[in-house]
Amino acid sequence: MGSLLYLRESPSDGGDTLFANMYSAYEALSDRMKAYLEGMEAVHDGEQVYRGLYADLGVSDRPTYPRSRHPVVRTHPVTGRRALYVNAGFTTHLVGVGPAESDAVLRYLYQHLTHPAFQCRFRWTPGALAFWDNRCAQHHAVWDYWPHRRYGNRVTIAGDRPR
(Lines give C-alpha, C1' and ligand atoms only; values in the text may rest on other atoms or scores of the structure.)
Protein backbone atom coordinates (compact mmCIF):
# COMPACT_ATOMS: atom_id res chain seq x y z
CA MET A 1 0.00 0.00 0.00
CA GLY A 2 2.58 2.50 1.05
CA SER A 3 6.04 3.05 2.40
CA LEU A 4 7.57 5.31 5.02
CA LEU A 5 11.24 6.24 5.04
CA TYR A 6 12.86 8.07 7.93
CA LEU A 7 16.46 9.23 7.53
CA ARG A 8 18.60 9.76 10.60
CA GLU A 9 21.64 10.57 8.52
CA SER A 10 21.80 12.10 5.06
CA PRO A 11 24.58 13.56 2.94
CA SER A 12 24.91 17.33 2.73
CA ASP A 13 24.61 17.06 -1.09
CA GLY A 14 22.84 14.45 -3.19
CA GLY A 15 20.85 11.42 -2.15
CA ASP A 16 17.50 12.89 -3.20
CA THR A 17 14.49 10.75 -4.04
CA LEU A 18 12.49 11.31 -7.21
CA PHE A 19 8.78 10.54 -6.95
CA ALA A 20 6.63 10.06 -10.04
CA ASN A 21 2.84 10.43 -10.11
CA MET A 22 1.56 7.35 -11.93
CA TYR A 23 -1.96 8.82 -12.22
CA SER A 24 -0.59 11.71 -14.26
CA ALA A 25 1.67 9.44 -16.30
CA TYR A 26 -1.33 7.29 -17.25
CA GLU A 27 -3.62 10.23 -17.97
CA ALA A 28 -1.02 11.77 -20.32
CA LEU A 29 -0.94 8.66 -22.55
CA SER A 30 -2.77 8.81 -25.86
CA ASP A 31 -6.20 7.18 -26.07
CA ARG A 32 -4.71 4.59 -28.46
CA MET A 33 -1.99 3.64 -25.97
CA LYS A 34 -4.53 3.43 -23.14
CA ALA A 35 -6.67 1.10 -25.29
CA TYR A 36 -3.61 -1.04 -26.14
CA LEU A 37 -2.64 -1.41 -22.48
CA GLU A 38 -6.20 -2.10 -21.26
CA GLY A 39 -6.35 -5.53 -19.62
CA MET A 40 -2.65 -6.21 -20.24
CA GLU A 41 -0.52 -7.82 -17.55
CA ALA A 42 3.22 -7.66 -16.91
CA VAL A 43 5.60 -9.85 -14.95
CA HIS A 44 7.33 -8.25 -11.96
CA ASP A 45 10.40 -10.26 -10.94
CA GLY A 46 12.79 -9.73 -8.02
CA GLU A 47 15.34 -12.20 -9.37
CA GLN A 48 17.15 -9.70 -11.60
CA VAL A 49 17.35 -7.17 -8.76
CA TYR A 50 18.29 -9.29 -5.76
CA ARG A 51 20.29 -12.29 -7.07
CA GLY A 52 23.89 -11.74 -5.88
CA LEU A 53 23.18 -8.25 -4.54
CA TYR A 54 24.77 -8.88 -1.15
CA ALA A 55 27.32 -11.54 -2.14
CA ASP A 56 30.23 -9.24 -1.24
CA LEU A 57 28.84 -9.09 2.31
CA GLY A 58 28.67 -12.89 2.59
CA VAL A 59 24.87 -13.01 2.38
CA SER A 60 23.58 -16.08 0.58
CA ASP A 61 20.91 -15.79 -2.07
CA ARG A 62 17.46 -17.21 -1.57
CA PRO A 63 16.55 -20.21 -3.73
CA THR A 64 13.94 -18.04 -5.47
CA TYR A 65 12.79 -14.43 -5.36
CA PRO A 66 9.26 -13.00 -5.56
CA ARG A 67 7.69 -13.03 -9.02
CA SER A 68 4.15 -12.06 -9.87
CA ARG A 69 1.83 -10.82 -12.60
CA HIS A 70 0.16 -7.45 -12.25
CA PRO A 71 -1.96 -5.28 -14.52
CA VAL A 72 0.00 -2.70 -16.50
CA VAL A 73 -2.72 -0.20 -15.61
CA ARG A 74 -4.26 -0.58 -12.17
CA THR A 75 -7.26 1.01 -10.52
CA HIS A 76 -6.60 2.54 -7.11
CA PRO A 77 -8.98 0.86 -4.61
CA VAL A 78 -9.71 4.09 -2.73
CA THR A 79 -9.75 6.81 -5.40
CA GLY A 80 -10.92 4.68 -8.34
CA ARG A 81 -8.35 6.44 -10.53
CA ARG A 82 -6.24 4.60 -13.11
CA ALA A 83 -2.44 4.55 -12.82
CA LEU A 84 0.48 2.99 -14.67
CA TYR A 85 1.88 0.05 -12.73
CA VAL A 86 5.25 -0.83 -14.30
CA ASN A 87 8.79 0.01 -13.27
CA ALA A 88 12.19 -0.48 -14.83
CA GLY A 89 13.59 -2.25 -11.79
CA PHE A 90 11.16 -5.14 -11.57
CA THR A 91 8.88 -5.30 -14.65
CA THR A 92 10.53 -7.78 -17.01
CA HIS A 93 7.99 -8.28 -19.79
CA LEU A 94 4.40 -7.96 -20.96
CA VAL A 95 2.37 -11.17 -20.84
CA GLY A 96 1.24 -12.50 -24.22
CA VAL A 97 3.39 -10.08 -26.23
CA GLY A 98 6.51 -11.04 -28.17
CA PRO A 99 9.89 -10.04 -26.73
CA ALA A 100 10.68 -7.28 -29.24
CA GLU A 101 7.26 -5.62 -28.86
CA SER A 102 7.27 -6.06 -25.08
CA ASP A 103 10.73 -4.49 -24.77
CA ALA A 104 9.76 -1.57 -27.03
CA VAL A 105 6.51 -0.81 -25.19
CA LEU A 106 8.14 -1.07 -21.76
CA ARG A 107 11.03 1.18 -22.83
CA TYR A 108 8.48 3.73 -24.01
CA LEU A 109 6.56 3.55 -20.71
CA TYR A 110 9.73 3.78 -18.60
CA GLN A 111 10.85 6.86 -20.52
CA HIS A 112 7.34 8.36 -20.38
CA LEU A 113 7.01 8.07 -16.60
CA THR A 114 10.32 9.87 -16.02
CA HIS A 115 9.08 13.07 -17.67
CA PRO A 116 9.61 16.02 -15.29
CA ALA A 117 5.90 16.91 -15.50
CA PHE A 118 5.12 13.76 -13.47
CA GLN A 119 7.96 14.04 -10.96
CA CYS A 120 8.96 15.86 -7.84
CA ARG A 121 12.31 15.76 -6.05
CA PHE A 122 12.49 15.20 -2.30
CA ARG A 123 15.65 16.61 -0.73
CA TRP A 124 16.57 14.70 2.39
CA THR A 125 17.75 16.26 5.62
CA PRO A 126 18.52 14.44 8.89
CA GLY A 127 15.25 13.59 10.63
CA ALA A 128 13.13 13.82 7.47
CA LEU A 129 10.22 11.42 6.98
CA ALA A 130 8.61 10.60 3.63
CA PHE A 131 5.42 8.61 3.08
CA TRP A 132 4.16 7.54 -0.34
CA ASP A 133 1.37 5.45 -1.77
CA ASN A 134 2.95 2.63 -3.80
CA ARG A 135 -0.34 2.15 -5.67
CA CYS A 136 -0.02 5.46 -7.52
CA ALA A 137 3.54 6.70 -6.99
CA GLN A 138 6.94 5.46 -7.99
CA HIS A 139 10.19 6.37 -6.31
CA HIS A 140 13.80 6.40 -7.41
CA ALA A 141 16.66 6.99 -4.99
CA VAL A 142 19.38 9.04 -6.68
CA TRP A 143 22.67 7.44 -5.71
CA ASP A 144 24.96 10.41 -6.23
CA TYR A 145 26.44 10.87 -2.78
CA TRP A 146 29.30 8.35 -2.56
CA PRO A 147 31.36 8.12 -0.36
CA HIS A 148 28.91 9.71 2.08
CA ARG A 149 26.00 7.73 3.44
CA ARG A 150 22.28 7.92 3.86
CA TYR A 151 21.02 5.92 6.81
CA GLY A 152 17.54 5.37 8.18
CA ASN A 153 14.60 3.01 8.45
CA ARG A 154 11.98 2.03 5.88
CA VAL A 155 8.65 0.41 6.60
CA THR A 156 6.34 -0.91 3.90
CA ILE A 157 2.64 -1.30 4.65
CA ALA A 158 1.03 -4.30 2.96
CA GLY A 159 -1.82 -3.52 0.63
CA ASP A 160 -4.24 -4.99 -1.84
CA ARG A 161 -3.50 -7.03 -4.95
CA PRO A 162 -3.40 -4.66 -7.95
CA ARG A 163 -6.51 -4.69 -10.15
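One residue stands out among those in the range 1-34 that are among the polar types (S, T, N, Q), over 23 Å from ARG161 (Cβ atoms) and surrounded by 14 or more Cβ atoms within 10 Å (Cβ to Cβ): the one that is modelled with the highest pLDDT, which is SER24. For the range 12-27, does any single residue satisfy the condition of being within 15 Å of the chain's Cα centre (by Cα) and assigned to a loop (DSSP other than H, G, I, E, B)? Within the range 12-27, not a single residue is within 15 Å of the chain's Cα centre (by Cα) and assigned to a loop (DSSP other than H, G, I, E, B). Close contacts from the range 8-34, counting a first residue that is touching a residue at least 24 places away in the same chain (Cβ under 8 Å) and a second that is of a type in the set (A, V, I, L, M) and outside any strand (DSSP E or B), with Cβ to Cβ under 6 Å and a gap of 6+ residues or different chains, come to ASP16/VAL142; ALA20/LEU113; ALA25/LEU113.
Scan the range 34-67 for residues that are part of a loop (DSSP other than H, G, I, E, B), closer than 15 Å to VAL97 by Cβ and among the small types (Gly, Ala, Ser) and the total you get is 1.
Of the residues in the range 81-134, how many are of a type in the set (Asp, Glu) and within 30 Å of ARG8 (Cα to Cα)?
Residues in the range 81-134 being of a type in the set (Asp, Glu) and within 30 Å of ARG8 (Cα to Cα): 1 in total.
For the range 105-142, a residue qualifies if it is in contact with an Asp or Glu (Cβ under 9 Å, 6 or more places away or on another chain) and either over 21 Å from MET40 (Cα atoms) or modelled with pLDDT of 95 or more (or both), and the qualifying residues are ARG121, PHE122, ARG123, TRP124, PRO126, ALA141, VAL142. Scanning the range 54-90 for residues that are out of contact with any helix residue (DSSP H, G or I) (no Cβ under 6 Å at 6 or more places or on another chain), closer than 19 Å to GLU38 by Cα and of a type in the set (Val, Ile, Thr) turns up THR75, THR79. Just one residue in the set PRO162, PRO99 is at pLDDT below 95 and either touching a helix residue (DSSP H, G or I) at 6+ places or on another chain (Cβ under 6 Å) or within 29 Å of SER30 (Cα to Cα) (or both); that residue is PRO162.
Does TYR145 count as out of contact with any strand residue (DSSP E or B) (no Cβ under 7 Å at 6 or more places or on another chain) and under 21 Å from GLY46 (Cα atoms)? Walk me through how you get there before you give the answer.
Details: out of contact with any strand residue (DSSP E or B) (no Cβ under 7 Å at 6 or more places or on another chain): yes; under 21 Å from GLY46 (Cα atoms): no.
Judged against the criteria, TYR145 is not a match.
The values are calculated or read from the model by the stated rules, or taken from the named source; none is laboratory data. None of these values were measured; they are calculated from a predicted model. For neighbour counting, all protein chains shown are included, and Cβ atoms are generated from backbone atoms with ideal geometry for every residue, glycine included.
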